[in-house]
Amino acid sequence: MMKNQTTFSDVEYQNRKHTTPREAFLDAMNKIIPWDRWIAMIAPYYPSGKRGRPTRGIETMLRMYLLQIWFNLSDVGVEDAIYDSYCMRKFMGLDFMTESVPDATTLLKFRHLLEEHDIGKIIFDDIKKALDDAGLIMHGGTIVDATLIAAPSSTKDAKGERDPEMHQTKKGNQWYFGMKVHIGVDAGTGCVHIVTATAANVHDVEEAIKLVREDDDVLYGDSGYLGIAQRIAESDNEQLKSMALRIAKRPSSLKTTDVFKGFNWDKFIEHQKSSIRCKVEHAFLIVKRDFGYRKVAYKGLKKNLNRFHMLFACANLLMLIRGGRTEQFCNA
């Protein structure tokens, strides 16, 4: 557990008249995260410290890593930010009179440990199970979607080549270089239940089947998934073949002539589909706007997928906070 000793700076800071959005966010996340479970998941892989310099506590490093991904900071940047920001230091539970912020190299090694052992997915699955146990996630329907994440197109390696796991694709009239993140979202609650990553040139339909749960009866998707019916028909999965598909039509197919005065039922049905399908955008909004992750931070799909598992696990928690369900989640 982190230290709760009050310092002079704590007393001074408590007299302020305004709580910043950053502090409110950190306090809410500190309350809802199951720290003991997450620490126990990392502990089997964490070095004992019997060799080399003494290790910092798992909770200290985990908190520092979370600050890094929440505010999209580099290893050096998050170290400096903790020194500069009182609310970050408070979240870390550090007393500068007795200890310092872990340096960037220590954080780098901790991040590599998480990536090597797929701790991000383990934590993501833990949050999904906790949501299920608390009755905060429904079953029966999944919304699928994907988003492009840009990667640096400059040649920076020794061979003068771009990241071989990233590729380019065309969307509209513009070319993009990078990767795609595919997610499956619970149609009832909007919580993310599965995350995958591919190169940018992989079609959305190819990953859609991997985003469906065994007990799903309905699949929602935008017009980019119109070809999924044929893909499902070619598969041997009987459960997929029995699913109802609620795939959006292209807007061009909903047009009517100027002389038509009746009610456009096709447009109305598409609006009903969109009212459910829009839930998938909330998770992307949190990751790309609130957490600022619009461009890849690392080379290769595995490292970035580990980060996306952590980001979407935290996005699920943030949606619970905004929905006023923190207490229900923590008391389950």
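For region 132-156, the candidate set comprises residues that are out of contact with any Ser or Thr (no Cβ under 8 Å at 6 or more places or on another chain), touching a residue at least 24 places away in the same chain (Cβ under 8 Å) and not in a strand (DSSP E or B); within that set, the residue that is surrounded by the most Cβ atoms within 10 Å (Cβ to Cβ) is Ala151.
Every residue, every condition in (1) of a type in the set (Lys, Arg); (2) within 28 Å of the chain's Cα centre (by Cα); (3) in the same structural domain as Lys180 (by TED's automatic domain parsing), yes or no:
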{"position": "Arg231", "(1), (2), (3)": "yes, yes, yes"}
{"position": "Ser242", "(1), (2), (3)": "no, no, yes"}
{"position": "Arg246", "(1), (2), (3)": "yes, yes, yes"}
{"position": "Lys261", "(1), (2), (3)": "yes, no, yes"}
{"position": "Ser275", "(1), (2), (3)": "no, yes, yes"}
{"position": "Leu285", "(1), (2), (3)": "no, yes, yes"}
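Between a residue in region 83-104 that is in contact (Cβ under 8 Å) with a residue 12 or more places away in the chain and within 19 Å of Ile33 (Cβ to Cβ) and any residue that is assigned to a loop (DSSP other than H, G, I, E, B) and among the hydroxyl-bearing types (Ser, Thr, Tyr), which pairs come within a Cβ distance under 7 Å, given they are 6 or more apart or on different chains? Qualifying pairs under 7 Å: Cys87/Thr20. For Phe329, the conditions (1) surrounded by 12 or more Cβ atoms within 10 Å (Cβ to Cβ); (2) modelled with pLDDT under 90; (3) part of a helix (DSSP H, G or I) are fulfilled apart from (2). Just one of the numbered conditions (1) within 20 Å of the chain's Cα centre (by Cα); (2) more than 23 Å from Thr55 (Cβ to Cβ); (3) not assigned by TED's automatic domain parsing to the domain that holds Asp204; (4) not basic (Lys, Arg) is not true of Cys87: (1). Under 8 Å between Cβ atoms, at least 6 apart or on separate chains: pull out the pairs that start in region 247-276 with a residue that is over 20 Å from Leu219 (Cβ atoms) and end on any residue that is assigned to a loop (DSSP other than H, G, I, E, B) and not hydroxyl-bearing (Ser, Thr, Tyr). These pairs meet every condition: Leu254/Asn264; Thr256/Asn264. Within region 275-284, at least one residue is buried (at least 16 other Cβ atoms within 10 Å of the Cβ), within 18 Å of Gly120 (Cα to Cα) and of a type outside the set (Phe, Trp, Tyr). What residue, among those in region 61-82 that are charged (D, E, K, R) and touching a residue at least 24 places away in the same chain (Cβ under 8 Å), is surrounded by the fewest Cβ atoms within 10 Å (Cβ to Cβ)? This residue is Asp75. The sole residue among Arg277, Arg231 that is within 24 Å of Asp186 (Cα to Cα) and in contact with a helix residue (DSSP H, G or I) (Cβ under 7 Å, 6 or more places away or on another chain) is Arg231. On the given criteria, is Leu113 in a helix (DSSP H, G or I) and surrounded by fewer than 18 Cβ atoms within 10 Å (Cβ to Cβ)? Yes: the conditions hold for Leu113.
The values are calculated or read from the model by the stated rules, or taken from the named source; none is laboratory data. Here the structure is a predicted model, which is why all the values come from computation and not from measurement. Cβ atoms come from the backbone with ideal geometry, glycine included; neighbour counts cover every protein chain shown.
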